[in-house]
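Structure, as structure tokens:
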Amino acid sequence: TDPDPCGNDICPGTSPVCLQSETASTAMDLFNCNLLANGPCATTSTSTPGGGVGGDPHLRTLDGRHYTLMQQGNFLLWAFSGYETEVLVQGTTKKVPVDFEIFTHYAGHASFTKGFLLVDKSQTVPRPALEVTTKDCRWHHYNMTAMVWRPVGPVAGHLKLRDFDGAQFGAFNLSESKHGPERLKLLINDKGSVRTLAQLWISCRPGHQLSVKIKMSSQKDLRFVHGELAPGRLSLATGLEGNREGTVMATDAEFAVASDWAALGGSPDAAAYFNAVDTKGPSLVLMSCTQEDKEEYAKTCRKYLGNSREALYKEVMDDCIFDLCSGGGETSAELAAEIFYAT
């Protein structure tokens, strides 16, 4: 059986993992083992701390590392692979590999988040997918039968996931909302019962930006996660890519995807939209604010965020002020509050 990533023998994180009974031979080994002190296993809860992306964009990994991205383009935000679920097919149990990927598109000098794409890569093309962009903030899904992109229904969307034999091993369940963020559940059929692998909350404003929060239901699943939000990222722990006014800055070159959005499984319409809104030339322009500006922007952020004693409140407030300094407008503060309080 696999070792418990939150037990006494192994630490969570990306490869290579370090057994505590062994001598750590590299900086990455040491970092992965030290995750037990500050990472997701520090809590006794079976669920994980939330991660996500919003604003300029600011990202928070699933082990609590916070940073600001300095690049535009397509990026692998979150992926879940290497796990096999067990489903019952005509009285026989079979193993089905689970392979989900979430891509985001960041655009403009301030690199605000403009697109979100969830793809089931567990089977060959055509692949089930859900997509939303800031063009109109309407959800679309890839219709496997007609092989075209279509809008998700006005109330909710339930996209069943099947393997080559037709066995349903999971589903993407979207609950749309007229007010506040939509909730998206990633479900898998595991050993005769359906469980929630992850929950996501997505807020979007047409022509502006979108924000995403993700929370996984089990700490044991973290070992199968990679992408920008994955735990155990050494460069973030050491601040190798630099910082600005106390904020860790990164380019996430290892998660940048050169492929066109449509080649990743997204719609041609979204790919054309990103091409239109992408900034030509240097992708990063760091705006600066006077102290007086920051004080005024803090009032705007507090208008939506209020006051809170939650541990992440100051971090979210600082990000909100940063975004307003970058030209995000009052919409940035509104979205920051929606995602921060989403449950």
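The values are calculated or read from the model by the stated rules, or taken from the named source; none is laboratory data. Computed from a predicted structure; not experimentally measured. Ideal geometry is used to build each Cβ from the backbone, glycine not excepted, and the neighbour counts take in all protein chains shown. With ligands, DNA and RNA removed, areas are computed over all heavy atoms of the protein, side chains included. Shrake-Rupley method; radii C 1.70, N 1.55, O 1.52, S 1.80 Å.
Scanning the stretch 252-274 for any residue that is at pLDDT below 85 and closer than 30 Å to Phe169 by Cα turns up nothing. No other residue among Val316, Val277 is in contact (Cβ under 8 Å) with a residue 12 or more places away in the chain and within 24 Å of His66 (Cα to Cα) apart from Val316. Among strands (runs of 3 or more DSSP E) entirely within the stretch 63-182, having at least 1 residues that are within 14 Å of Cys204 (Cβ to Cβ) and open to solvent by less than 20 Å² (accessible area, probe 1.4 Å) singles out 92-107, 112-120, 129-133, 168-175. Six or more apart or on different chains, Cβ atoms under 8 Å: show the pairs whose first residue is in the stretch 250-272 and in contact (Cβ under 8 Å) with a residue 40 or more places away in the chain and under 22 Å from Gln123 (Cα atoms) and whose second is open to solvent by 20 Å² or more (accessible area, probe 1.4 Å) and among the basic types (Lys, Arg). Partner pairs satisfying both residue conditions: Gly265/Lys121; Gly265/Arg127. Taking every residue in the stretch 219-235 that is open to solvent by 10 Å² or more (accessible area, probe 1.4 Å) and pairing it with any residue that is among the charged types (D, E, K, R) and in a loop (DSSP other than H, G, I, E, B), at least 6 positions away or on another chain, the pairs with Cβ-Cβ distances below 7 Å are Lys220/Asp4; Arg233/Arg65; Ser235/Glu241.
Taken over the stretch 322-334, residues that are over 16 Å from Thr113 (Cβ atoms) and either part of a loop (DSSP other than H, G, I, E, B) or open to solvent by 30 Å² or more (accessible area, probe 1.4 Å) (or both) amount to 1. Quick check, is Val194 assigned to a strand (DSSP E or B), at pLDDT below 90 and over 17 Å from the mean Cα position of the chain (by Cα)? Spelling it out, it is not the case that Val194 is assigned to a strand (DSSP E or B), at pLDDT below 90 and over 17 Å from the mean Cα position of the chain (by Cα).
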